[in-house]
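Below is one structure, written out as structure tokens, with a few remarks after it.
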Amino acid sequence: MERSGNFYKAIRLGYILISILIGCMAYNSLYEWQEIEALELGNKKIDEFRKEINNINIQMIKFSLLGETILEWNDKDIEHYHARRMAMDSMLCRFKVTYPAERIDSVRSLLEDKERQMFQIVRLMDEQQSINKKIANQIPVIVQKSVQEQSKKPKRKGFLGIFGKKRK
């Protein structure tokens with residue numbers, strides 16, 4: 001009988017070991033599943049961050065190309081550019097958490113300076129157009145005065161107009 005008692009003990013021990021092994025496998029599967037979920041969440045955040053960076057790059061390119069037509073701008077275009085710069089500014093502020101604030105602030109100040117200089121260029125172009133209009137309006141008067149001055153010059157008589165007295 002002792003043999004059968006040891007045999008039953010061995011079977012019980014085997015079942016216990018199998019149960020422990022199944023429990024360890026279940027725990028390991030659950031742990032790996034949670035780890036995969038965490039990695040997928042991290043990948044999703046990285047992907048969203050990458051999309052946001054890509055969006056900012058696209059907006060930055062569109063924004064920089066917007067300044068290419070500055071010679072044709074009016075006040076409405078200046079307001080549109082300012083609104084786009086402010087939108088770009090707020091997009092850049094969201095990255096202060098991820099990137100050093102000094103870098104973000106330097107880009108923001110460069111964009112602000114660019115806007116200021118573009119506004120000055122537009123203002124100078126407007127001034128130049130008004131000066132050109134004034135000149136265009138005064139050209140007929142200047143031409144008329146020069147024609148009158150040419151007709152008032154005295155004529156000379158003599159050989160080739162060199163020798164002779166002046167006449168009025």
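The values are calculated or read from the model by the stated rules, or taken from the named source; none is laboratory data. Source: prediction; values computed, not measured. With ideal geometry, Cβ positions are generated from the backbone for all residues, glycine too; neighbour counts draw on all protein chains shown.
Within the range 111-124, residues that are closer than 16 Å to Ala87 by Cα reach partners that are among the aliphatic types (A, V, I, L, M) and assigned to a helix (DSSP H, G or I) with beta carbons closer than 8 Å, at six or more positions or on different chains, in the pairs Leu111/Met88.
Residues in the range 111-125 include none that are modelled with pLDDT under 90 and in a loop (DSSP other than H, G, I, E, B). List the residue pairs whose Cβ atoms are under 9 Å apart, where the first residue sits in the range 32-57 and is among the aromatic types (Phe, Trp, Tyr), the second is surrounded by 10 or more Cβ atoms within 10 Å (Cβ to Cβ), and the two are 6 or more positions apart or on different chains. If the second residue must be surrounded by 10 or more Cβ atoms within 10 Å (Cβ to Cβ), the pairs left are Phe49/Thr98. Scanning the range 65-111 for residues that are polar (S, T, N, Q) and closer than 19 Å to Asn55 by Cβ yields Ser90, Thr98.
Results for (1) within 32 Å of the chain's Cα centre (by Cα); (2) surrounded by 10 or more Cβ atoms within 10 Å (Cβ to Cβ); (3) within 30 Å of Met125 (Cα to Cα), shown as yes or no for each residue.
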{"site": "Leu17", "(1), (2), (3)": "no, yes, no"}
{"site": "Asp47", "(1), (2), (3)": "yes, yes, no"}
{"site": "Lys62", "(1), (2), (3)": "yes, yes, yes"}
{"site": "Leu65", "(1), (2), (3)": "yes, no, yes"}
{"site": "Trp73", "(1), (2), (3)": "yes, yes, yes"}
{"site": "Asp77", "(1), (2), (3)": "yes, yes, yes"}
{"site": "His80", "(1), (2), (3)": "yes, yes, yes"}
{"site": "Met91", "(1), (2), (3)": "yes, yes, no"}
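For Lys165, the stated conditions do not hold, so it cannot be described as over 30 Å from Ser64 (Cβ atoms), among the basic types (Lys, Arg) and modelled with pLDDT of 80 or more.
Picking from Gly67, Gly14, which residue would you name as being in a helix (DSSP H, G or I), touching a residue at least 40 places away in the same chain (Cβ under 8 Å) and not hydrophobic (A, V, I, L, M, F, W, C)?
Matching residue, one of Gly67, Gly14: Gly67.
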